[in-house]
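A short write-up of the structure that comes next.
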Amino acid sequence: MVDKKKFVFFITHSLGELDVVLPIICRLRSHGEKYDFRIIFLVEGLFDKFKSEIYFERAFKLLGVQASFLRMPNKFDYKESSGREIKNIVFKFKANIINPVTLIKLFSILRNSNVVFHEHSCQVKTVRAIYIFSKILRKKIFTYVH
């Protein structure tokens, strides 16, 4: 039995990234080799939008792509509010700290993948842990522009 190559795509910025990722997956599928594709949304708002679109549900099912959510620090889920300084401090803390359970999940995802993809943007807080773990695990990271 041939082992499947496992590709993981991290969606960090917008659903527009799927406009780049899905053609890559289609092209790889057309070669007939065995691949597992996993798309992980790192921003809760993006994952919620994704789940509400029937097009994505059907496309992912057709292509055999797994989708999941893993909360990473990002500038989208935690917005500062006007006024209340304590609330702003809490939001800034949440936006920059990674839960230890999330780190363990991320490490496991990267350990079980062959190739890692993410969008090239300024989401440094979001992808920092991915780069650290990928270096430890000697994983290749590819970036794409959308």
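Key figures for this structure:
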read-out	value
Segment I98-H146, length gained on full extension (0.36 nm per residue, minus Cα span)	14.7 nm
Label point distance in nm, S108-L63, each placed 7 Å from Cα along Cα→Cβ	2.5
Solvent-accessible area of H146 with every protein chain in place, 1.4 Å probe, in Å² to the nearest 10	90
Nonlocal amide H pairs with Y144, under 5 Å, H built at 1.01 Å	H118, E119, H120
With DNA, RNA and ligands ignored, accessible area of F76 (1.4 Å probe; Å², nearest 10)	60
Flagged links, alpha-carbon separation over 18 Å, of K4/K135; K6/K139; K34/K135; K5/K140	K4/K135; K34/K135
Exposure of E33 as accessible area (Å², to 10), given a probe of 1.4 Å and all protein chains	90
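The values are calculated or read from the model by the stated rules, or taken from the named source; none is laboratory data. It should be emphasised that the depicted structure is a prediction, and the values quoted were computed from it without experimental measurement. Glycine gets a Cβ as well: all are built from the backbone with ideal geometry, and neighbour counts include every protein chain shown. Just the protein is used for accessible areas: all its heavy atoms, side chains included, with ligands, DNA and RNA removed. Shrake-Rupley method; radii C 1.70, N 1.55, O 1.52, S 1.80 Å.
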